[in-house]
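Notes to accompany the following structure.
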Amino acid sequence: MRKSSVLSIAVGSAVALVPFVAVAPAQAAAPTRAPAVTAPAAVQAAVHTASSPERKPGSTKATPRVNPPLLRLGATGPAVTSLQTELGTKGYWSGKPSGRYDHSTAQAVMAVQKVAGLGRDGVAGPATRAALDKGVMPKARSTKGRVLEIDLQRQIMLLVVDGKVTSVINTSTGTKATPTPKGTYRVFRQINRWHTAPLGKLYRPKYFFRGYAVHGVADGSIPGRPASHGCARVSTKAMDMLWNGGLRIGDQVRVY
């Protein structure tokens, strides 16, 4: 006689009920092999889970990129110093790193933006920093001697020595109504002070053609577009640099 019952199997924290058949005593003498007891698939899975060490899958999330903060006039700190150092290293003149985002720094940033074809606001944001990291740099047209190149389309100046650009300076040249004349000239006159001209005050002007000069203006008077009466405007600090060996009497000025 057979009697059905249920076997309770505990594996780890999993419990499964497995049906089995019990053989009555009268039939015990018969040499009958009991069928193998196989746990259900769910129990086998539980056994595997309980007996295997727990594995924590590695994270597949990409670490989000943290953009550097926007830097603008008045900002201070190590981030500004780092920016100023990189500008100088890449050839964009901004003076000695000071840790303060001053007018010279904004002018250098604007020069980068002009070369890279970005918006011209003088604020160092992600796009400007990316362009600087890529090393965007204009190429000189001259190949020999000391030359100051004035790029009217991009509104930048290049200090070039034997075909190599040594400094890029932001500038604002003449408007369509009062354009800066294209051509190749030489510095023939200079005035080492603020000079009052018929059209305004010029800081340490260096004349290259008739009354046209490269000169400094009050900080803030150099927008990202042509705005002068024909001269090439730069910051007062950039003009000081040009006086300290950057541009001398007899040096060539090439406007294109």
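Where a number appears in this text, it was derived from the coordinates with a stated rule and is not lab data. Keep in mind that what you see is a predicted model, and the values were worked out from it rather than measured. Note that each Cβ is placed from the backbone with ideal geometry, even for glycine, and that neighbours are counted across all protein chains shown.
Straight-line cross-link partners of Lys114 among the aspartates and glutamates, defined as a Cα under 12 Å from its Cα and at least 8 positions apart when in the same chain: Asp151. How charged is the neighbourhood of Val136? Take every other residue with its Cβ under 13 Å from the Cβ of Val136, and add Lys/Arg as +1 and Asp/Glu as -1. Counting the neighbours of Val136, the net charge comes to +4. Listed by chain and number, the aspartates and glutamates whose alpha-carbon sits under 12 Å from that of Lys237, ignoring those within fewer than 8 places in the same chain, are Asp102, Asp219. Contact order for the range 146-255, expressed relative to its length and based on alpha carbon pairs under 8 Å spaced 6+ residues apart, stands at 33 percent. Name the shape class, rounded, prolate or oblate, that the alpha-carbon gyration tensor gives for the range 146-255, where a ≥ b ≥ c are the square roots of its eigenvalues, rounded holds for a/c under 1.5, and otherwise prolate holds if a/b is larger than b/c and oblate otherwise. Rounded is the answer for the range 146-255, as its axis ratio a/c remains below 1.5.
Here the dipole of the range 78-134 is about 80 debye; that uses its Cα centre as origin and unit charges on the Cβ of Lys and Arg (positive) and Asp and Glu (negative). Put in line by how crowded their Cβ is, counting other Cβ atoms within 10 Å and starting with the fewest, Met157, Met241, Met137 read Met137, Met241, Met157.
For the range 146-255, the Cβ-based charge dipole about the Cα centre amounts to some 220 debye (Lys, Arg positive; Asp, Glu negative; other atoms uncharged). Neighbours of Arg225 by Cβ distance under 15 Å: Lys/Arg scored +1, Asp/Glu scored -1, total +3.
Count Lys and Arg as plus one, Asp and Glu as minus one, and take only other residues whose Cβ is under 12 Å from that of Met110; the net charge is then +4.
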